[in-house]
Amino acid sequence: MNMQSHEGHLPADHRLSPHWQFSNLPLVGRMLTDYPINDLWETDFARLPRALAKQRRRARTFAEQHIMPAADELDLCAHLPAGQCHPTAHRIPCEAGKQGWLSYFMPAPLGSLPWSTVPHAPIWQCSLIVEQFSRACGGLMLLLSAHHLGGMPLLLSGSVNAMLRYLAPAYRSCERGEPHLIAFAITEPGAGSDVEEGHGAEVYRPGVVATPTDGGYLLNGRKCYISGGDLSKTATVFAALQGEGMESWTCFYVDCSDPGYKVARTELKMGMRASGAAEIELTNVFVPTDRIIGGLRKGWVLNRAALNASRIPVASTGVGFARAATETAVEFARHYKVGGRALIHYQDVQLHLATMVAETRAIRSLVWQEAKAAWRPRQLNASLCKFHATDRAQRVCEMAMDLLADHGGKHENRIEKIFRDVRLTRIFEGTNQINRLSMTKDWQAQLLDFNHSVGV
Ligand SMILES: Cc1cc2nc3c(=O)[nH]c(=O)nc-3n(C[C@H](O)[C@H](O)[C@H](O)COP(=O)(O)OP(=O)(O)OC[C@H]3O[C@@H](n4cnc5c(N)ncnc54)[C@H](O)[C@@H]3O)c2cc1C
C-alpha cells in the first residue's frame, strides 16, 4: 500500500495528481490554480477579519487549556444538591472572568471587548467564541454563555443607567476573578414555549407575579431550568404584573442573595452537566423600582430581542459540536483497523467523513452569514439559523456514532458526551419545532400579502 495516499486515491506527487500538475505550470498558471494545502478547519478562520481571528485564536487557547481538561470531571461527577458547587465549576468561571470571557459585550474600560473588534457585530464575535467553547465542552460552554444571555436585557434595554450601574460592575467583578454570573429567567414550570415565543401566551396564566409595594415590587412564583441559576449572583427575572396577563411582562434585575430567593433544586439532566439547571423559588422577593429594566411592561419585547440575539450563537454551538464529532470520527478512522486496514482506507468511510465535513462547514457558513449582519438580528434569520444548524449538528454527531459503532458508546471516546450535549441545543431557546413556527411568524406579513409573490 502506498503510504502517501489512501486506497483508491493517487498520492499528491503522482503525475496525474492536479497538485503535481499545478505546481509545474508556468508562474501565471500557478498563480491562478495552485493553492496551499492547509488545515481544513483553519482555512475558514484565515478569512476572518484580523481582530476577530485574534479573538477566535484566544478563545481556542482558553478552551484547550482550561475547558477541555475539566470536561470529563464535571460531566461524570455526582449530581450535587442545590447550594453545593463542584470546585472546578467554580474555578473555570474565575479563570474565564480574568481572561475577559465573561465581559466581552461592552468595550474596555466598561467591559473587555477589544476596540479592534468594535466595527464587527458583537454576535459574530460571540458566535466564534462559543464554537470554540462547545467544541471543548458543552456544559462549560453553557455555564459561561448563559451569563451573556442574562446580561442581554440590560444591554438591549438601551438604558445607559442599566449598563453603567449593573452590567459594568458585574463585568469588573468577573475580570477580578470574582465571577458575577447573571442568569436569564423566563421559563416556568408550566410554560417554556408559551413564555418564550408566545404561542399560548394570550391564555397562559403567568407563573411569576409582581405585586406593587412601597418603593418597588414583590415577586412570587417559580422559574425552572435556569442555566447557571445555582451560581449566579443576579438574575434578569421576567414577571407579569399582578392581575394582568403576559403583555404586562416586566424584566426585574434581582439580587440572588435577597431574602425570599431560593434555589429549590437543580436538574440531573442528560447532557451539559457542568452547567446547573436550577429551579428558582421566589417568595416575596422585594425588587426596588430602579431595578426594573427597560420600564414596566417592556419584558416581552426584551425577551424577544434577547432571544433573537442569542439564537445565532446557539446555532454556533452546533458548529462546535459537529466539529468535535467530525474530529473524533476522523481520528478514529485513521487509527482503527478492520480487516487489517485502517478504516480511513475504505471508500464508504471516506464518503461518510466527507459528508460530515461538508455539513459542518455548511452550518458554519450559515452561522457566519447571519452573525456577520446581526447588528439588529431578525427573528426569521435567527430562528432559521438556530433550528437548522442544531438539527444538522445532531445529524453529524449521529454519523460519528455510526462510524465508531460500539466504541462510540464508551465515554472515553468522547462522542457519547458530545451526543448527549448536542441534543439539548434542539430544546433550549425554544424547541426547534417552535423555532420553525417563530420563523414563519416573522415571515407571515409577506406570506399573507397576495399582491406580491414571495421571494426567498
Ligand atoms: C439545557 C437547558 C438550558 C436551559 N436554560 C434556560 C435558561 O437559562 N433560562 C430559561 O428561562 N430557560 C432555560 N431553558 C428552558 C428552555 O428554554 C425550554 O425548555 C424550552 O423553551 C422549551 O420549553 P418547554 O421545555 O417548557 O416545552 P413546552 O413549551 O412545554 O413544549 C412541549 C412540546 O410542545 C411543543 N409545542 C409547544 N407549543 C406548541 C405550539 N403552539 N404548536 C406546536 N407545538 C408546540 C414543543 O415544541 C414541545 O415539543 C433551558 C432548557 C434546557 C434543556
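Quick look at the numbers
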{"read-out": "Linear extension gain, Trp443 paired with Leu25, 0.36 nm per residue minus alpha-carbon span", "value": "145.3 nm"}
{"read-out": "In order through the stretch 99-106: 3J(HN,Hα) via Karplus (6.51 cos²θ - 1.76 cosθ + 1.60), integer Hz, x for Gly, Pro", "value": "8, x, 7, 10, 9, 8, 8, 9"}
{"read-out": "Cα gyration tensor, the stretch 160-304 - rounded (a/c under 1.5), prolate or oblate", "value": "oblate"}
{"read-out": "Cβ-based exposure ranking for Val349, Val357, in which fewest neighbours within 10 Å come first", "value": "Val357, Val349"}
{"read-out": "Pairwise label distance in nanometres, Glu7 with Leu268, each label 7 Å out on the Cα-Cβ vector", "value": "4.6 nm"}
{"read-out": "Which of Ser438, Ser112, Ser453 has the fewest Cβ neighbours within 10 Å, and the rest in rising order", "value": "Ser453, Ser112, Ser438"}
{"read-out": "Span per principal axis, largest first, for the Cα atoms of the chain (Å)", "value": "85, 60, 42"}
{"read-out": "Stretchable slack from His407 to Asp348, in nm (0.36 nm times residue separation minus alpha-carbon distance)", "value": "19.4 nm"}
{"read-out": "Residues whose placed amide H lies under 5 Å from that of Arg265, excluding near-sequence neighbours", "value": "Glu279"}
{"read-out": "Cβ-derived FRET efficiency at R0 22 Å, His14 paired with Ala46, nearest 0.05", "value": "0.20"}
{"read-out": "On Cα atoms only, tilt of 87-98 relative to the major axis of the chain in degrees", "value": "90 degrees"}
{"read-out": "Dipole moment magnitude, nearest 20 debye, the chain about Cα centre, only Lys, Arg, Asp, Glu C-beta charged", "value": "860 debye"}
{"read-out": "Given the chain, longest segment not containing exposed loop GluC sites (Glu not before Pro) (DSSP; at most 16 other Cβ within 10 Å)", "value": "8-201"}
{"read-out": "Calculated [θ] (222 nm, deg cm²/dmol) that DSSP helices of n ≥ 4 give over the chain, each run adding -39,500 (n - 2.57)", "value": "-15000 deg cm²/dmol"}
{"read-out": "Selection from Gly216, Pro153, Val422, by position along the positive dipole direction of the chain (Cβ)", "value": "Pro153"}
{"read-out": "Distance from the stretch 355-378 to the stretch 19-91 (C-alpha centre basis), Å", "value": "16 Å"}
{"read-out": "Fraction of antiparallel bridges per DSSP, the chain only, in percent to nearest 5", "value": "80 percent"}
{"read-out": "Among Ala274, Leu52, Ala445 the positive-end extreme of the charge dipole of the chain (Cβ point charges)", "value": "Leu52"}
{"read-out": "Karplus (6.51, -1.76, 1.60) ³J(HN,Hα), θ = phi - 60°, over the stretch 11-19, in Hz, Gly and Pro reported as x", "value": "x, 4, 9, 6, 5, 8, 7, x, 4"}
{"read-out": "Derived scalar couplings ³J(HN,Hα) [the stretch 379-395; Karplus, 6.51 cos²θ - 1.76 cosθ + 1.60; whole Hz; x for Gly, Pro]", "value": "4, 4, 5, 5, 5, 4, 4, 5, 6, 6, 5, 6, 4, 5, 4, 5, 4"}
{"read-out": "Pairs beyond 28 Å (Cα-Cα), from Lys298/Lys417; Lys54/Lys223; Lys262/Lys298; Lys233/Lys441; Lys54/Lys98; Lys223/Lys298", "value": "Lys298/Lys417; Lys54/Lys223; Lys233/Lys441"}
{"read-out": "FRET E, pair Thr213, Ser365, Förster distance 51 Å, beta-carbon r, rounded to 0.05", "value": "0.45"}
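Every read-out reported here was derived from the displayed coordinates using simple, explicitly stated rules and does not represent laboratory data. Just so it is clear, the model here is predicted, and its values are computed rather than measured. All Cβ positions, glycine included, derive from the backbone under ideal geometry; neighbour counts span all protein chains shown.
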